[in-house]
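Below is one structure, written out as structure tokens; the observations come after it.
Derivation of every value follows stated rules applied to the coordinates shown; laboratory data play no part. Just so you know, these numbers come straight off a predicted model, no measurement behind them. We place every Cβ from the backbone using ideal geometry, glycine too, and count neighbours over all the protein chains shown.
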Amino acid sequence: MPMLPVAYTAVLAELLYAHSGEMAGIYDLDRGWFTHVNPAGVQLLAYPSEEAFLADPNHSLRTPPWTPAQWQHLCDITRREGHHELETDIRRHVGEPFRAYLKLTYFEVAGRRSLLVNLTEHSRLQQAERALAHSVRRFEAVFTNATLGIIVCDQPGRMVSVNARAGLLFGYAPAELLGQPIEVLVPDAAGRHHARLRESYNADPQVRNMGHDRPLAGRRRDGSVFPAEASLSYFYLDEELYVVAYILDLSAKQAAEQELRTQHQRVALLNAELEQKVIDRTNALLVTLDQLEKRGDELALALQAEQELGELKSRFVSMASHEFRTPLTAVLTSADLIAEFPGGHQQAQRLKYVDHIRTSVQHLNNILEEFLSVGRIGEGKMEARPANLNLTSLVHDTVADVQSLLKAGQTIDWRVDCPIPVRLDASLLRKILMNLLSNALKYSGENAVAIVRAKCHEHELTITVRDHGVGISKEDQAHLFEQFFRAPSVVTVPGTGLGLYIIAKYLELMGGTIDLQSAPEQGTTVTISLPLTTPD
């Protein structure tokens, strides 16, 4: 190719640059701003002059502006690929921003790295054309890839569009069917009165099913026929009616229906055989029933023995708790005496083990108390004894009692809102609150806050205890009120798995309810509700 003269090249560059209808600018990557911009760019960005634009390095083309990292990323892509285009919102120096296409082209001159920046305003016509192109592509994608056969016919019944699935159903290439009448594919439709039916449909087009009750016979190119179901819809284009047929091959469906009928017949035969077997088995069951009645007395005796065993178990729990408590009390007393020994170089160690003894004894004592409570509940020896109480004092004293359980940095935020008198079983209510607070502190980490809120309504008291501990999964929540159940997430924390079971039984005695909301690593919220009666 012959080289253009230098003068000719300069004139051509001037025409393309200075007289272009779109913005063209040279962006110096090392300086981080433009070194040149054409008049169209100055006008498009609403600057008074090229000098004003080049003197405004703080301006950013996009709105909201690109961050330095984002702009550097665009520059890196353009330098690596040589060219990059995108659609974005562009800021003007003054006035409203506008939608535009931004084209970046990388080049180097005399060792300087630069970008050619072209900017074209995105007009409404361009937007409409782009939206139309997208719509056409979406239609083509749906039409071409549909799993149903789709055929579009004009008003006289000639096929004007056929998708790939329809061609496959009838054994044609879609282009072979264009311009042919639809009767080529369904020659026997509606008893050879298809033309009259089409005229009727054209006069009053509606979305309807065809062949639902009586399948159509579709004819393939090789002359074979298959059952088909067709649904119709329509649209108008330039006031001309077009009909869309959605065609489904019913061969597999009819084969499945025939197989189903065969199976129904087989099931009917099996039912007859089964009825006879039932008669035979009924006679045998009558004999067995007579034998079971004879065993009834034996079962009653076994049930009585089981009940006696349960009572014996409860008495054993009570006895064991009583017998264990006496030596544990002696150990606790001995621990107190050790703490009173005079000082010495081993006194710190003595006090350390004294604390261990006290903690262990208290832990065993709590376990025995829970076993004893379970035993009393099982024996039915516990009952609620409501009396007038001061709710604020009860909550205050309970919070004070659990102070020894606090981990480093843990606190209890409690508040009572109860302007009306309360009549409840103070002992049971205190045990419930003590157990809930112990759980909240036990299953929360250091520096956590346990929240207690008590509020009286006209006929109901609600107490809520919320922690921010390990939480409980939905699967484990279904078993929380079973005896000895412990969630896998807390098996390393000491406990018996009886606390919530005992709380639920206490609430039954007091006519109350309990609600628990929890999620792993999000804490647990327990709300108890108790009916209030008028104090004496």
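Computed over the Cα atoms of the range 6-122, what is the ratio Rg over Rh, Rh following Kirkwood?
Rg/Rh for the range 6-122 comes to 0.95.
With charges only on Cβ, +1 for K and R and -1 for D and E, what is the dipole size of the range 135-249 about its Cα centre, in debye, rounded to 20? Intermediate results must be reported in sequence, preceding the final value.
Values: 12 positive and 14 negative charges, 57 e Å.
Around 280 debye, computed over the range 135-249.
Please work out the C-alpha center-to-center distance from the range 20-61 to the range 93-109 and express it in whole Å.
Measuring centre to centre over Cα atoms gives 9 Å.
Take every Cα-Cα distance within the range 135-249, group them into 5 Å bins from 0 onward, and report for each bin the whole-number percent of pairs it holds.
2, 12, 22, 28, 21, 11, 4, 1
Could you compute the FRET efficiency for Asp89 and Gln258, with r as their C-beta to C-beta distance and R0 at 56 Å, rounded to 0.05?
E(calc), rounded to 0.05, equals 0.35.
How much length is gained on full extension from Leu197 to Glu508, taking 0.36 nm per residue of separation minus their Cα-Cα distance?
Length gained, Leu197 through Glu508: 104.5 nm.
Using the Kirkwood formula over every pair of different C-alpha atoms, what hydrodynamic radius in Å results for the range 383-531?
15.7 Å
Taking the Cα centre of the range 383-531 as the origin and placing charges on Cβ (Lys, Arg +1; Asp, Glu -1), which of Leu405, Tyr506, Gln477 is farthest toward the positive end of the dipole?
Most positive-ward Cα: Leu405.
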